[in-house]
Amino acid sequence: GDSVTQMEGPVTLSEEAFLTINCTYTATGYPSLFWYVQYPGEGLQLLLKATKADDKGSNKGFEATYRKETTSFHLEKGSVQVSDSAVYFCALILAVYAGGTSYGKLTFGQGTILTVHP
Amino acid sequence: DSGVTQTPKHLITATGQRVTLRCSPRSGDLSVYWYQQSLDQGLQFLIQYYNGEERAKGNILERFSAQQFPDLHSELNLSSLELGDSALYFCASSVGPGQGNGYTFGSGTRLTVV
């Protein structure tokens, strides 16, 4: 089945350090890829997305490029802040077509805890 | 505020009991999804509804059931509760059955079974 694998956490960085969180996926078709962020005590928020190969999603200084050849969608940020401390989830949606309509479910990776120290 | 409303925010109940979690999707969204988040299992997809009809099922236990009403709000019913059901339950919504735009999540209901 479809799956998402994220790098093991937690990740601890100093402010202004470079961040990479690795994400690879397995899917039978061509999924859309997402990064979600969960701040302490809150729900998940969509951070960025890419819907086809070579697309680059970006938001709030974070970037990720959809790499079909390596089935990867690594999250990067050039200079992290204390306020970036959160749990980051990589996810995919693969559309399934049945009975003339389509549906898809969001499949998440395990999440990576990021802590940024001043 | 994401536009997806979940109630209650916190729930404490005893083993063997039954609870109902409620979700109102973002205005205009026809699909509702339920997820369970626990420390050991991560985020697990439970079930999806689209415009009142069940569309996809994930790792939902037989003790759990859900439905989406004509006004598009959804309820997740959890019965014969066990300690292991303690988790955060998230509802999410999307415009269509779910593809390229991702989902909008509510802030969750924290269920504690004692």
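The values are calculated or read from the model by the stated rules, or taken from the named source; none is laboratory data. Only a predicted model underlies this, so the values are computations on that prediction, with no experimental measurement involved. Here the Cβ is made from the backbone with ideal geometry for all residues, glycine too, and neighbour counts use every protein chain on show.
When B:Ser79 is tested against the conditions (1) free of Cβ contacts under 8 Å to residues at least 40 places away in the same chain; (2) over 16 Å from B:Tyr103 (Cβ atoms); (3) hydroxyl-bearing (Ser, Thr, Tyr), the lone failure is (1).
Checking the structure you have, find out if any residue of segment A:52-72 is more than 14 Å from A:Pro31 (Cβ to Cβ), more than 16 Å from the chain's Cα centre (by Cα) and modelled with pLDDT of 90 or more. Checked segment A:52-72: at least one residue is more than 14 Å from A:Pro31 (Cβ to Cβ), more than 16 Å from the chain's Cα centre (by Cα) and modelled with pLDDT of 90 or more. Within segment A:69-85, the residues that satisfy the criterion of being touching a residue at least 24 places away in the same chain (Cβ under 8 Å) and either part of a loop (DSSP other than H, G, I, E, B) or touching a Gly at 6+ places or on another chain (Cβ under 7 Å) (or both) are A:Thr70, A:Thr71, A:Phe73, A:His74, A:Lys77, A:Gly78, A:Ser79, A:Val80, A:Gln81, A:Ser85. Can you report the number of residues in segment A:29-62 which are buried (at least 17 other Cβ atoms within 10 Å of the Cβ) and in a strand (DSSP E or B)? Final tally of qualifying residues: 15. Being within 15 Å of B:Ser74 (Cα to Cα) and within 14 Å of chain A (Cβ to nearest Cβ) is the filter here; which residues of segment B:1-23 pass it? Those that are within 15 Å of B:Ser74 (Cα to Cα) and within 14 Å of chain A (Cβ to nearest Cβ): B:Gly3, B:Val4, B:Thr5, B:Gln6, B:Thr7, B:Leu21, B:Cys23. The residue that is surrounded by the fewest Cβ atoms within 10 Å (Cβ to Cβ), among those in segment B:15-46 that are free of Cβ contacts under 8 Å to residues at least 24 places away in the same chain and within 12 Å of the chain's Cα centre (by Cα), is B:Gln44.
For first residues located in segment A:44-68 and within 30 Å of B:Ser38 (Cβ to Cβ) and away from chain B (no Cβ under 14 Å), partners that are of a type in the set (D, E, K, R) and in a strand (DSSP E or B) and lie 6+ apart or on another chain with Cβ distances below 9 Å form the pairs A:Lys60/A:Lys77; A:Phe62/A:Glu76; A:Phe62/A:Lys77.
Of the residues making up segment B:62-85, not a single one is within 10 Å of another protein chain (Cβ to nearest Cβ), small (Gly, Ala, Ser) and within 14 Å of the chain's Cα centre (by Cα). If you check A:Ser3 against the conditions, is it of a type outside the set (A, V, I, L, M, F, W, C), exposed (fewer than 15 other Cβ atoms within 10 Å of the Cβ) and either at positive phi or without any contact (Cβ under 8 Å) to a residue 40 or more places away in the chain (or both)? Considered against the rule, which asks whether it is of a type outside the set (A, V, I, L, M, F, W, C), exposed (fewer than 15 other Cβ atoms within 10 Å of the Cβ) and either at positive phi or without any contact (Cβ under 8 Å) to a residue 40 or more places away in the chain (or both), A:Ser3 comes out as no.
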